[in-house]
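Written out below as structure tokens is the structure these notes cover.
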Amino acid sequence: MRGHDWINTCLPDELILEILRRLDSKSSHDACSLVCKRWLGLERLSRSILRIGASGSPDIFIKFLAQRFVNVKAVHIDERLSISLPVTAGKRRRRDENSLLSLKIHFAGERNEPKEEECEPFCLTDSGLTAVADGFAKLEKLSLIWCSNVTSFGVMSLAQKCSLLKSLDLQGCYVGDQGLAVVGQCCKQLEDLNLRFCESLTDSGLVTLATECGKSLKSLGVAACARITDKSLEAVGSHCKNLETLSLDSEFISNKGILAIAQGCPLLKVLKLQCINVTDRALMAVGASCLSLEMLALYSFQQFTDEGLRSIGKGCKKLKNLTLSDCNFLGDRGLEAIATGCTELTHLEVNGCHNIGTIGLESVGKSCPRLTELALLYCQRVGNFALTEVGRGCKYLQALHLVDCSSIGDEAICSIAKGCRNLKKLHIRRCYEVGSKGIVAVGEHCHSLTDLSLRFCDRVRDEALIAVGQGCPLKYLNVSGCNQIGDAGIVAVARGCPNLTYLDVSVLQNLRDIALTELGEGCPLLKDIVLSHCHQITDIGLSHLVKNCQMLESCHMVYCPSITAAGVATVVSSCPNIKKVLVEKWKVSPRTKRRASSVLSYLCVDL
């Protein structure tokens, strides 16, 4: 029968609920909730995650949400997110009210910074946390990010009522020992705990928690907690036998604490350390005891040497991900030991380790055939031959990041292009020896490349982008500061990369309106464009761009002297999905500001 509602007639609630639970996007959930009252009710029952900003009277807001979403299992409250309750009248208000019920809650409009005396009422308090505990009985995961007004009292109330809690993130919360102790006593299923920047905690709270619920704990993060010492880690090592992930950032932790973890947590898979008082002795213990280790990140260590890395290479055969950042006493021999011992390595990042050079990276190319991602940042001693070996031996490399590597040039990039045909992501910044020859080779050989960034590589010219446009299905392109690139290169990309969604051409002094015209015709999926400091772009080019790029969401055009208030108005009025326009405030007419204020999350700044 024409016009008959067969879906609501034939499908039971249980089946519709199951369909709604399989939706993975916020917009799909919102659309389904508008079908009819029955679907609105069922869609509310299907919601399991809420993300809220802790401002705009969050205590009341949480009670409002708890009445409507009774099956929520995960709540994320982040005081860094901006929330302002809608005040617009009429149909516009109904639309905004509906957005309150969305999975991830956002509100458009410019944010007015609150006065200092007004901050307190707009922060989550213990009362709001109690409302979370009362309203979401099935809660399993809670994140409280920088909710500085939350204290132990609120956490105690939460823990007593949410015994099913498995994940708790208290980053930046002023929670003391008493609150953490009650979490340990009541939440026996707790698996994931983040205590970063919980400055009021001491050993007493963490020791109690480890004692009470250590059997279930699998992940622990501690940073900037000045009163957490080795004593806490000894308790973790004694009681948390199933711990798999540990992240430590503290100048008060020494070898003693790390030794306790290494000896007591044999299942450890992820270890991230930024502890300036830890030495090779700790790394040697990790290498000897943590045989399941898969990821190791070492930051700002001045007491680690190659001897410690050799222990890791000898014992941690399952290591797949290694980050070495600002470890000045690590050298080629240590990296060689990792390469020969950890042949399953897939991700390697070397950042500011000035004693690691070509020889160390050569060994990675020779011994780690499974490498898929390599990042070399501020590695002045790594030369072309290192990447030549990587190109020969690492056929599965998919991502390469190079920043301020002054000894790497076209020879290295050509070797990577010819040997790593599966390359999907190439980011190069301020590598002044890299020019058009290397990028042309990438365009000719890397036909899976979708993400290319060449920031401030001033030897790259148009012919490089012409080759890339002809050979690579780019979705992301950043050529900011490549001042020898002009219209020809961008036109080639526009004609050859119809799936392009992001483009940064800032500081290209030779770019003119013809390039924007071609982008408008060839890249209809473009969502984000950065045009700042392009002195020859005018309102005419903008009008051609936005004519067909109807999916555009953000446009940055600061310091473009030939773009006027009329061009800004064209962008705002022609792009139905626009969310952010970055432009000098004086270029925004009163009419444009009135028209855009209800749909733009960020309109202008004073420059």
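Residue check: is ILE466 touching a His at 6+ places or on another chain (Cβ under 8 Å), under 30 Å from CYS414 (Cα atoms) and of a type in the set (A, V, I, L, M)? No; evaluated as a whole, the condition is false for this residue.
Each residue in region 153-181 was checked for being open to solvent by 20 Å² or more (accessible area, probe 1.4 Å), among the polar types (S, T, N, Q) and in a helix (DSSP H, G or I), and 2 of them qualify. Applying the criterion of at least 3 residues that are more than 15 Å from ASP177 (Cβ to Cβ) to the helices (runs of 4 or more DSSP H) found wholly in region 199-268 leaves 230-239, 255-264. Of the residues that sit in region 497-515 and are part of a loop (DSSP other than H, G, I, E, B) and open to solvent by less than 20 Å² (accessible area, probe 1.4 Å), which one is farthest from VAL568 (Cα to Cα)? Looking at the filtered set, the residue picked out is CYS497.
Of the residues examined, GLY313 is one that is in contact (Cβ under 8 Å) with a residue 12 or more places away in the chain, within 25 Å of LYS218 (Cα to Cα), open to solvent by less than 10 Å² (accessible area, probe 1.4 Å) and of a type in the set (Gly, Ala, Ser).
Selection of region 209-239 for residues being closer than 19 Å to LEU164 by Cα and in contact with a helix residue (DSSP H, G or I) (Cβ under 9 Å, 6 or more places away or on another chain) yields LEU209, ALA210, THR211, GLU212, CYS213, GLY214, LYS215, LEU217, LEU220.
The set of residues from region 54-68 being of a type in the set (Val, Ile, Thr) and open to solvent by less than 10 Å² (accessible area, probe 1.4 Å) comprises just one member, ILE62. Considering only region 540-550, I want to know if a residue exists there that is more than 29 Å from the chain's Cα centre (by Cα) and among the small types (Gly, Ala, Ser). Within region 540-550 (the criterion being more than 29 Å from the chain's Cα centre (by Cα) and among the small types (Gly, Ala, Ser)), the answer is yes, since at least one residue qualifies.
Entry remark, region 417-433: residues being under 21 Å from CYS482 (Cα atoms) and open to solvent by less than 20 Å² (accessible area, probe 1.4 Å) number 4 in total.
The rows are residues; the columns are (1) β-branched (Val, Ile, Thr); (2) over 27 Å from the mean Cα position of the chain (by Cα); (3) outside any helix (DSSP H, G or I).
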residue: GLN470; (1), (2), (3): no, yes, no
residue: ARG495; (1), (2), (3): no, yes, no
residue: THR517; (1), (2), (3): yes, yes, no
residue: CYS534; (1), (2), (3): no, yes, yes
residue: LEU552; (1), (2), (3): no, no, yes
residue: ILE578; (1), (2), (3): yes, no, yes
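Residue-wise test of (1) assigned to a strand (DSSP E or B); (2) farther than 17 Å from TYR299 by Cα; (3) of a type outside the set (Val, Ile, Thr).
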{"residue": "CYS327", "(1), (2), (3)": "no, no, yes"}
{"residue": "LEU330", "(1), (2), (3)": "no, no, yes"}
{"residue": "ALA339", "(1), (2), (3)": "no, yes, yes"}
{"residue": "LEU348", "(1), (2), (3)": "yes, no, yes"}
{"residue": "GLU362", "(1), (2), (3)": "no, yes, yes"}
{"residue": "LEU371", "(1), (2), (3)": "no, yes, yes"}
{"residue": "LYS395", "(1), (2), (3)": "no, yes, yes"}
{"residue": "ALA417", "(1), (2), (3)": "no, yes, yes"}
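The residues in region 32-53 that are open to solvent by 60 Å² or more (accessible area, probe 1.4 Å) and without any contact (Cβ under 8 Å) to a residue 24 or more places away in the chain can be counted, and the count is 2. Total residues in region 293-310 satisfying the condition of being in a loop (DSSP other than H, G, I, E, B) and open to solvent by 30 Å² or more (accessible area, probe 1.4 Å): the figure is 5.
Let's see how each residue does on (1) at pLDDT below 95; (2) in contact with a strand residue (DSSP E or B) (Cβ under 9 Å, 6 or more places away or on another chain); (3) open to solvent by 70 Å² or more (accessible area, probe 1.4 Å):
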| site | (1), (2), (3) |
| --- | --- |
| ILE529 | no, yes, no |
| GLN550 | yes, no, yes |
| VAL571 | yes, yes, no |
| VAL605 | yes, yes, no |
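The values are calculated or read from the model by the stated rules, or taken from the named source; none is laboratory data. If you're wondering where the values come from, they're calculated on a predicted model, not measured in any experiment. Here the Cβ is made from the backbone with ideal geometry for all residues, glycine too, and neighbour counts use every protein chain on show. What goes into the accessible areas is simple: the full protein's heavy atoms, side chains included, and nothing from ligands, DNA or RNA. Shrake-Rupley method; radii C 1.70, N 1.55, O 1.52, S 1.80 Å.
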